[in-house]
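Here's the structure, in structure tokens; my notes come after.
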Amino acid sequence: MIDRIAGAVIFMVSVSAVWVARDYKAGFGDPLGPALFPQMVAAAAALLSLGLILRPDPNPDAQPLPAFIRQAFTLAVLVGYVLLLEPLGFPLSTMLGTACLALLFGAEPKKAGVTGVAVGVSLYLIFDNLLGLPLPLAPATFG
Amino acid sequence: MDILNSLIGGIAVAVTPLNLALAVFGCFAGTLIGALPGLGPVNGVAILIPVAFAMKLEPSSALIMLSCIYYGCMYGGRISSIMLNIPGDEPAIMTTLDGYPMARRGQAAKALGISAVASFVGATVATLGLTFFAPLLAKAAIHFGPADYFALYVMAFATIGGVTGVNPFKTLLAAMIGLLLASVGLDPGTGTARFTFGSFHLYDGFDPIVAIVGLFAVSEIIMYFESHALSGAGPVKLGRTLPRLREVFEGFGASIRGALIGFVCGVLPGAGASLGAFVSYSTEKQLNDKNGTFGTGDPRGIAAPEAGNNAASGGALIPMLTLGVPGSGTTAVMLALLVSLNIQPGPLLFERQPDLVWGLIAALYLANVVLLLLNIPMVGIFTRLLSLPQWFLMPVVVMVSFIGIYSISHSTFDLFVMIGFGLLGYALRKFDISLVPVVLGLLLGADMENNLRRALSISGGDFNILLQSPIALAIYAFTALMLAFSFGIAMRRRGPRSAK
């Protein structure tokens, strides 16, 4: 069943890709133009997704709810980290992000905190100072 | 003795202090990455590519470091197979079959020693093969025209699933998804913005490295909670660290056979290290399993697959370097590295940048010796690092990936793209759709399209040109054969399963 849903989604995406690409105009001395290759690929993808709809594999095992909740939180931490990276600066946001991830991966709160601080500071020192890779340091509000 | 001269030139490149240090570092980091479950060679190399940029390395130095990581991963994968019964990476699965039972019997040091020697044999055979066959293939490939290259790309995508028996529909579909993603951005021929939906950020298309780190590393983090969550069994005791010299050479014959089989598997398109290990193990079992000792801790059952996977991963470098068509996930990632360094792999690479190619080959010989030293006398370090808690390792991996990607363009947009690819990778893995063809599609899409368009502008739009060259025809015939084979296997597998 899950294969059929995936197949249907890919089918719709590829058909719309063929449709979107119809406006791309060919240049001079370029008989193929920018449209044909993506259209060929999208058409092949559409056909193959039909194969998925017609002959799906058995469903994979559904994951338990706790795993799903942790996955959702992990994703939220990753997105939150990127949003805060420039406003908070690298060391601070990395401390927060690492600590949260460590918690999600089952660390005790105290250890997670220590890991966060240690990783945030040491990665900043290694990459910014040692390897000369400029990372945003201070909160943007301070300039 | 053209090759020997070139090799001597290569050694001169490889033994500069910086390159030597990078090689040793790469071997160490690679063994560690390979040994840690959940971090395979693809992840390891992908995460460290941006780091290599950040260090502003010369192309040859960057390539040396990452190839040593690649070889190191292949050595390291066996450590957790033997100690934890969890393969450190995919090709090391076969090693668990006999490695873990041996370790349980208190022969962990012996098992690690045998597999290290087998890895050395495999990798050395492959590096020798690379030295002698790659220049030959490069010479032949100079005669390839655009239509032949197009055929070559078709073959790469059609055969990437190989004979692994995964649903071939899904593998092909994965390749198409990758090719479609590759066409996002400004079309180089006409400047038309394709599938950008008005976003200027997308005009450059997707950076393959951003996509790779997302697809593999980020999706691995999300997947982690499902796959590894509760594997609590601690490592077995190592006991004596140093095996006896005589013990280590048990299964030496099996290593040689495994290495030769693995090398052939590696050079073939779409096969790679996992298949090399698998075919070597099953061949050895059919040849020599007279007392039914395979699977209960037979030394030959460790030697054959370890030699096989190391030889295959070395062999996989040949099509990547000479044709620009990688045969496996990790070599695809290394191709991404070369492309980002503005180096176009292909037959001309050997003529135009001999320092780079031969420096790499010489470094691989050196890496092998370093790895053997790291993996027999110093293997205790790695088994101890295996007990580092996951709640420490995983966040560090995430943060290093973020730094690496951020350093490419200093924009948070790339980081969001990476997370997006992480979600896509997670979804594809849930659907049992392999990620390697997606990456290959993304990497090779532009070249595949360029060759097609070049061929058709030569012929003035006549599609027959694609079938006029004998080289292309031969490639298509081989492709059709491989496809028929993999569909055949898939159908046979499906039979009994649906009958249940």
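The values are calculated or read from the model by the stated rules, or taken from the named source; none is laboratory data. In this text, all values refer to a predicted model and were calculated from it rather than measured experimentally. Every residue, glycine as well, gets a Cβ built from its backbone with ideal geometry; the counts of neighbours run over all protein chains shown.
Values as computed for the structure displayed
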{"item": "Residue B:435 vs. criteria at the interface with chain A (Cβ under 10 Å from one of its Cβ atoms), closer than 30 Å to residue B:35 by Cβ, modelled with pLDDT under 85 and within 24 Å of the chain's Cα centre (by Cα)", "result": "no"}
{"item": "Count of residues meeting criterion [of a type in the set (Gly, Ala, Ser), at the interface with chain A (Cβ under 10 Å from one of its Cβ atoms) and touching a residue at least 40 places away in the same chain (Cβ under 8 Å)] in segment B:447-486", "result": "1"}
{"item": "Within segment B:260-280, considering residues that are crowded, with 24+ Cβ neighbours inside 10 Å and not in a helix (DSSP H, G or I), the one modelled with the highest pLDDT", "result": "B:269"}
{"item": "Residue list for segment A:5-26, restricted to those being of a type outside the set (Phe, Trp, Tyr) and surrounded by 15 or more Cβ atoms within 10 Å (Cβ to Cβ)", "result": "A:6, A:7, A:10, A:13, A:14, A:15, A:17, A:18, A:20, A:21, A:26"}
{"item": "Residue match in segment B:311-323 (condition: more than 14 Å from every other protein chain (Cβ to nearest Cβ), small (Gly, Ala, Ser) and over 18 Å from the mean Cα position of the chain (by Cα))", "result": "no"}
{"item": "Residue under evaluation residue B:423, criteria (1) free of Cβ contacts under 8 Å to residues at least 12 places away in the same chain; (2) at the interface with another protein chain (Cβ under 8 Å from one of its Cβ atoms), criterion not met", "result": "(1)"}
{"item": "Exclusive hit being farther than 20 Å from residue A:45 by Cβ and surrounded by 20 or more Cβ atoms within 10 Å (Cβ to Cβ), set B:418, B:448", "result": "B:418"}
{"item": "Checklist (1) loosely packed, with under 15 Cβ neighbours inside 10 Å; (2) outside any helix (DSSP H, G or I); (3) aliphatic (A, V, I, L, M); (4) free of Cβ contacts under 8 Å to residues at least 40 places away in the same chain applied to residue A:137, failing item", "result": "(4)"}
{"item": "Filtered residue count, segment A:88-128, keeping only those that are modelled with pLDDT under 90, within 22 Å of residue B:414 (Cβ to Cβ) and within 21 Å of the chain's Cα centre (by Cα)", "result": "1"}
{"item": "Selection count, segment A:127-138, where residues are hydrophobic (A, V, I, L, M, F, W, C) and more than 9 Å from chain B (Cβ to nearest Cβ)", "result": "3"}
{"item": "Breaking point among (1) in contact with a helix residue (DSSP H, G or I) (Cβ under 7 Å, 6 or more places away or on another chain); (2) within 19 Å of residue B:129 (Cβ to Cβ), for residue B:288", "result": "(2)"}
{"item": "Filter result for residue B:132 (surrounded by fewer than 24 Cβ atoms within 10 Å (Cβ to Cβ), in a helix (DSSP H, G or I) and more than 14 Å from chain A (Cβ to nearest Cβ))", "result": "yes"}
{"item": "Helices (runs of 4 or more DSSP H) fully within segment A:19-115 counting 1 or more residues that are more than 8 Å from chain B (Cβ to nearest Cβ) and under 26 Å from residue B:193 (Cα atoms)", "result": "A:33-54"}
